[in-house]
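Okay, so here's the structure we're looking at.
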Amino acid sequence: MTTATSQSQIRSREDKGIAMLLGIITGIVADGALHDLEVKMLHTWLTDNQAVASTWPGSAVVAVIEAAIADGSIDANERTKLLDLLTGLAANQFAETGSASPEVIALPVDNECSVNLKSARVCLTGEFAHGTRGFCEQLTVQAGAELRSTVNGKTDYLVLGANASPSWAHTSFGRKIQQAIEAQREGSKVKIISEERWKSALT
């Protein structure tokens, strides 16, 4: 088995796991409420599926659930925070809006960091509201940045386009986010920023 084939199979399993997680979440939030039994079921499923739990967005769900249940009970604020996260990740709402804004699918963007594109190594992903990918890449280069096609420990910014297809979990959009988060865990200072933050940095 070649390395490429092995990586392809791993990626396929990850995609299927994430799709299954989003399907479970969509079912949970369908009634607009979140019950303790549903939280327990979701936590158990993630515990049994560590590959998904260790990959965004599963890792984000695990973190919020474990913070909520740490003291043995879920208070109103914890329940609201978790429900908001799950609703944001729910496949049905994402499909309705087609938007990849942080409010909709709880993307792990850094809204507090300063953004300086000059001499920065930048990777763009997703579909941009500002224009075609080629046009946005041209603007990025004009701002003094170096374009990168993939994300690694040397990347400075991963820019998320404001529009994405409902199948984002199975595209390079989702995988590049996973790569950036993994790089952060390994000590990289790569920042995940929104298209809006990118546009502001252009000027």
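Computed quantities for the displayed model
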quantity	calculated
Matching residues in the range 73-86 - criterion: being out of contact with any Leu (no Cβ under 9 Å at 6 or more places or on another chain) and over 26 Å from residue 176 (Cα atoms)	73, 75, 76, 77, 78
Enumerated helices (runs of 4 or more DSSP H) restricted to the range 94-190, each holding at least 2 residues that are modelled with pLDDT under 90 and surrounded by 22 or more Cβ atoms within 10 Å (Cβ to Cβ)	172-185
Output for the range 132-164, where each listed residue is in contact with a Ser or Thr (Cβ under 8 Å, 6 or more places away or on another chain) and over 18 Å from residue 108 (Cα atoms)	144, 145, 146, 147, 148, 154
Contacts under 7 angstrom Cβ, first residue in the range 46-67 being touching a residue at least 40 places away in the same chain (Cβ under 8 Å) and surrounded by fewer than 20 Cβ atoms within 10 Å (Cβ to Cβ), partner outside any helix (DSSP H, G or I) and of a type in the set (A, V, I, L, M, F, W, C), 6 or more apart	60/106
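The values are calculated or read from the model by the stated rules, or taken from the named source; none is laboratory data. Note that the coordinates shown come from a computational prediction; the quantities given were computed from them, not determined experimentally. Glycine also receives a Cβ, built like all others from the backbone with ideal geometry; neighbour counts cover every protein chain displayed.
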